[in-house]
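Working notes, beginning with the structure itself.
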Amino acid sequence: MTATLRKLAAGVTVAAAALLPGAAGATVAAADPETAASPRATCNDFTTFVYGSTPYRVHIPSVGHQTGATNCTLRQGDSGPGVFVLQDALRRCYNQPIIQDAQYGSATRNAVLNVQNFHGLVADGIYGPLTRNAMAWPKYTTGGAFVGCWF
């Protein structure tokens, strides 16, 4: 068998085994989608999405402030506004007992693991696109009042 790398449209790199003629069966090893993006874009800030007739505001970690570029990751050792809004969601929508300090430490990693397990995702403690899409996010009024979680 020869190994080849193939970049999928979703940005996930997988190692695929090419079969020799007459070989029976093959396995495909895929990298975890949360960590496979290369180079890794860190969610160093957040974007506020406005929706509904009320309207409500939802803050999501992103690359840059108010860019809408939410296809990014956070992991232990990261810090900043992106981590802060992630911690807000973990506390408000999942009742995770963490300090909202904008530092992605072991407590935040464990909280992300809990959320990933809850949603049936690969639990690696890294916040990425799959975790973002599965998570509930706090929603706020234009005046800043917390009014529940957006699913």
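In this structure, does SER106 turn out to be closer than 17 Å to PHE46 by Cβ, among the hydroxyl-bearing types (Ser, Thr, Tyr) and surrounded by fewer than 19 Cβ atoms within 10 Å (Cβ to Cβ)? If you could, list the steps in order and put the result at the bottom.
Details: closer than 17 Å to PHE46 by Cβ: no; among the hydroxyl-bearing types (Ser, Thr, Tyr): yes; surrounded by fewer than 19 Cβ atoms within 10 Å (Cβ to Cβ): yes.
Answer is no for this residue.
Regarding the range 82-94, can at least one residue be identified that is open to solvent by 30 Å² or more (accessible area, probe 1.4 Å) and closer than 20 Å to ASN44 by Cβ? So far as the range 82-94 goes, yes, one or more of its residues are open to solvent by 30 Å² or more (accessible area, probe 1.4 Å) and closer than 20 Å to ASN44 by Cβ.
Step by step: first the residues of the range 115-127, then only those that are under 13 Å from the mean Cα position of the chain (by Cα) and farther than 16 Å from VAL83 by Cα, then the one that is most open to solvent (accessible area, probe 1.4 Å). Which residue is that? Among those that are under 13 Å from the mean Cα position of the chain (by Cα) and farther than 16 Å from VAL83 by Cα, it is VAL122.
Scan the range 40-58 for residues that are open to solvent by 50 Å² or more (accessible area, probe 1.4 Å) and within 25 Å of THR142 (Cβ to Cβ) and report the count. Reasoning before the result, please.
From the range 40-58, those open to solvent by 50 Å² or more (accessible area, probe 1.4 Å) are 40, 44, 49-54, 56-57; that's our starting set.
Checking which are within 25 Å of THR142 (Cβ to Cβ) leaves us with 49-54, 56-57.
Residues flagged as open to solvent by 50 Å² or more (accessible area, probe 1.4 Å) and within 25 Å of THR142 (Cβ to Cβ) within the range 40-58 amount to 8.
On the given criteria, is VAL112 hydrophobic (A, V, I, L, M, F, W, C), within 21 Å of GLY143 (Cα to Cα) and touching a Phe, Trp or Tyr at 6+ places or on another chain (Cβ under 8 Å)? Considered against the rule, which asks whether it is hydrophobic (A, V, I, L, M, F, W, C), within 21 Å of GLY143 (Cα to Cα) and touching a Phe, Trp or Tyr at 6+ places or on another chain (Cβ under 8 Å), VAL112 comes out as no.
The values are calculated or read from the model by the stated rules, or taken from the named source; none is laboratory data. Worth saying up front: this structure is predicted, and the values here are computed from it rather than measured. FYI the Cβ positions are ideal-geometry reconstructions off the backbone, even for glycines, and counts take in every protein chain you see. Calculation scope for accessible area: heavy atoms of the full protein, side chains included, ligands and nucleic acids excluded. Shrake-Rupley method; radii C 1.70, N 1.55, O 1.52, S 1.80 Å.
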